[in-house]
Each structure stands twice: as structure tokens, then as C-alpha cells.
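The values are calculated or read from the model by the stated rules, or taken from the named source; none is laboratory data. As the structure is a computational prediction, the values presented were derived from the model and not from experiment. Heads up, the Cβs are rebuilt from the backbone with ideal geometry, glycines too, and the neighbour counts pull from every protein chain shown.
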Amino acid sequence: MINMTQTDWNEALTRPSSMVSTAALILGFWVIILSIVNIVEGAYSPGNKVTWLGFLGLSGDAFAANDTGFVIDDAVFAIFGIILIGAGDYGMKKANTQLDDGGNASSRGAVSWILDLPNSDFVKNIIKAESMKGAISSWLIVIGILYYIVWSIKFTTWVDPGVYSVMISLVAFGFALNVSSKVE
């Protein structure tokens, strides 16, 4: 006999939440962008690239001269980004599967999420918020992302731990406020 706890665990593992899937999708796109920047100009600084396996503490040096060309680390990191995007899309489809009147299942994946973004609560809160918490949460996320992008472009370094900590604090607090505003 299967008890309720086993069923809940199975459900949690086979049907991920929309929030976790969205996070995987966003993180995957970010990893792909960093991979492209690292291959083209070097994500550490002009002329210097990140060796991702070393940066994550898995092997060797964390940085190398960009004249080393394409290295295996670039491929590993890009594949990791593709896996995250795939996992996010899969999770969104599983989390958003709905049955129509005929009993046919339809699912909404990453493409639908991207196309629906202009109509999302996040964008609506930026333009005209229904609540103060909603407005602050969306603006904290926007400010965190813009801070990271502007800093990275201005100083041509995309892997600064100090910048990450500021950005992550703003974005995480924005997400937390967003979740708490929906609970009320």
C-alpha cells in the first residue's frame, strides 16, 4: 500500500513548480549569455576569460588569457545552460498541463511563458501596481538585474562576486516580497 507521503514526494519530483522551472529557465539563459560573452571577449575582463571548471573549483586556474581560444570549459558551461533551459521548459510544461473539455492535455512551456511576459503581474507591477508590495517587488528585481548588466558592461567584467551579492540580494528580496504579496 502506498502512503500519502510517498505520493506527495513522487508528485513533487515529477511535477516541479512553476517558480523552480522559471528560475531554471532564467538561469539557463544567463549561463548561455555568459558563455557567449566568455567566448567572444572574455567574461573576466578584456582579454581574459573565465575557465568555468576552475572558477567553480573543479579544476585548475579560474582565469586564462582569451587568446587560448575555445576551451572545453566553454562547452561544458554552455551545455549546462542548455540543460537548465530544457529542465525549465520541461518543468513549466509539467506544472502548467491542463485538460480541455475533451480530456486532451495541453501544456504551456517556455515559449508561452516568454510570450505571456508582457501580460504578467511582474510587468503590470512595474507599470501600474495594484499594491505597494507588488510594485516594490518588481522594481527590486529590475534594479538588481539592471545593476548587474550596467556594472558588467561599464567595467567589462561579468563574474564579480561583489556585484553578484548585491544583485542577488535585490532580486531575492524582490521575489520574497512578490510571494508574500500573493499570500495576503
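Just a few scattered comments:
- Considering only residues in the stretch 3-26 that are surrounded by fewer than 14 Cβ atoms within 10 Å (Cβ to Cβ) and of a type in the set (Ser, Thr, Tyr), the one that is modelled with the highest pLDDT turns out to be Ser17.
- Taken together, Phe77, Phe63, Phe29, Phe55 contain a single residue that is in contact with a strand residue (DSSP E or B) (Cβ under 9 Å, 6 or more places away or on another chain) and modelled with pLDDT of 80 or more, which is Phe77.
- The stretch 111-126, residues that are exposed (fewer than 13 other Cβ atoms within 10 Å of the Cβ) and either under 16 Å from the mean Cα position of the chain (by Cα) or modelled with pLDDT of 85 or more (or both): Val111, Ile114, Leu117
- Count of the stretch 27-68 residues which are surrounded by 14 or more Cβ atoms within 10 Å (Cβ to Cβ) and either over 20 Å from the mean Cα position of the chain (by Cα) or farther than 19 Å from Ile83 by Cα (or both): 16
- Any hit, the stretch 100-110, residues being under 15 Å from Ala24 (Cβ atoms), assigned to a helix (DSSP H, G or I) and either modelled with pLDDT under 80 or touching a Cys at 6+ places or on another chain (Cβ under 9 Å) (or both): yes
- Condition met for Ile145 (aliphatic (A, V, I, L, M), outside the structural domain of Thr22 (by TED's automatic domain parsing) and within 15 Å of Tyr44 (Cα to Cα)): no
- Test result for Ile136, assigned to a helix (DSSP H, G or I), modelled with pLDDT of 85 or more and closer than 24 Å to Leu170 by Cβ: yes
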